[in-house]
1. Go through the range 158-196 residue by residue and tally those that are farther than 22 Å from residue 139 by Cβ and out of contact with any strand residue (DSSP E or B) (no Cβ under 9 Å at 6 or more places or on another chain).
2. Here are some residues: 162, 196, 203, 178. Which one is touching a helix residue (DSSP H, G or I) at 6+ places or on another chain (Cβ under 7 Å) and in the same structural domain as residue 96 (by TED's automatic domain parsing)?
3. Looking at 80, 97, 147 in this structure, which one is touching a residue at least 24 places away in the same chain (Cβ under 8 Å), touching a helix residue (DSSP H, G or I) at 6+ places or on another chain (Cβ under 9 Å), crowded, with 20+ Cβ neighbours inside 10 Å and more than 21 Å from residue 34 (Cα to Cα)?
4. Looking at residue 141, is it out of contact with any strand residue (DSSP E or B) (no Cβ under 7 Å at 6 or more places or on another chain) and at pLDDT 95 or above?
5. Condition check: assigned to a strand (DSSP E or B) and modelled with pLDDT under 85. Does residue 84 satisfy that?
6. If we scan the range 118-125, do we find a residue that is surrounded by 12 or more Cβ atoms within 10 Å (Cβ to Cβ), touching a residue at least 40 places away in the same chain (Cβ under 8 Å), in contact with a helix residue (DSSP H, G or I) (Cβ under 8 Å, 6 or more places away or on another chain) and assigned by TED's automatic domain parsing to the domain that holds residue 99?
7. Would you mind stating whether residue 154 is modelled with pLDDT under 90, over 22 Å from residue 22 (Cβ atoms) and touching a strand residue (DSSP E or B) at 6+ places or on another chain (Cβ under 9 Å)?
8. Touching a strand residue (DSSP E or B) at 6+ places or on another chain (Cβ under 9 Å), more than 28 Å from residue 182 (Cβ to Cβ) and modelled with pLDDT of 70 or more: does that describe residue 49?
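The values are calculated or read from the model by the stated rules, or taken from the named source; none is laboratory data. Since this is a predicted model, take the numbers as computed values, not measurements. As a convention, Cβ positions derive from the backbone with ideal geometry for all residues, glycine included, and neighbour counts pool all protein chains shown.
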């Protein structure tokens, strides 16, 4: 059962369904359809809007469709229930970012007790394999609850290629023992010159997320 303090802060008295989470995104962001029945058609429509419909751009559309299909499939298989991307030209320079949100069962520690934010913070002090720390992990208060924030540099595979690219990854881990759930918001960008400014934007988006009544 939720404690009075936790229930008052979240506005909910029981574990929420994923669709009850509200995230306010800037207008240039596009929410990605993760429904297996419709996601490929939605991705093709989104790509035609972003890339263009000219015959000369067909090769680029096919590459983008392959990249989106790979990303969406991997995300849903990992338990993601929300995804969004950002692609825009600003002063002639490209900007891009993505957001994935996952929710799953809350891990337990060696004693069998639910992992707390403080314990998660101690784990995040040691970057994972292939990661380098950009900022020390911190505890932050979000509209969704208390979270552990981590920002690291890692790599991602380029679709249809053996190459990898560096990625700036900002994550928020929200353990809720009263719901036996762990919520993870993962923001990423490959535009490293703008990564500090985008990290500030990611913080604002995470701060504004809420559970709907």
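1. 4
2. Checking each option against the conditions leaves just 178.
3. None of the others qualify; the one that does is 147.
4. Here the answer is yes, as residue 141 does meet what is asked.
5. No: the conditions fail for residue 84.
6. No; the residues of the range 118-125 include none that is surrounded by 12 or more Cβ atoms within 10 Å (Cβ to Cβ), touching a residue at least 40 places away in the same chain (Cβ under 8 Å), in contact with a helix residue (DSSP H, G or I) (Cβ under 8 Å, 6 or more places away or on another chain) and assigned by TED's automatic domain parsing to the domain that holds residue 99.
7. So residue 154 fails the test.
8. Answer is no for this residue.
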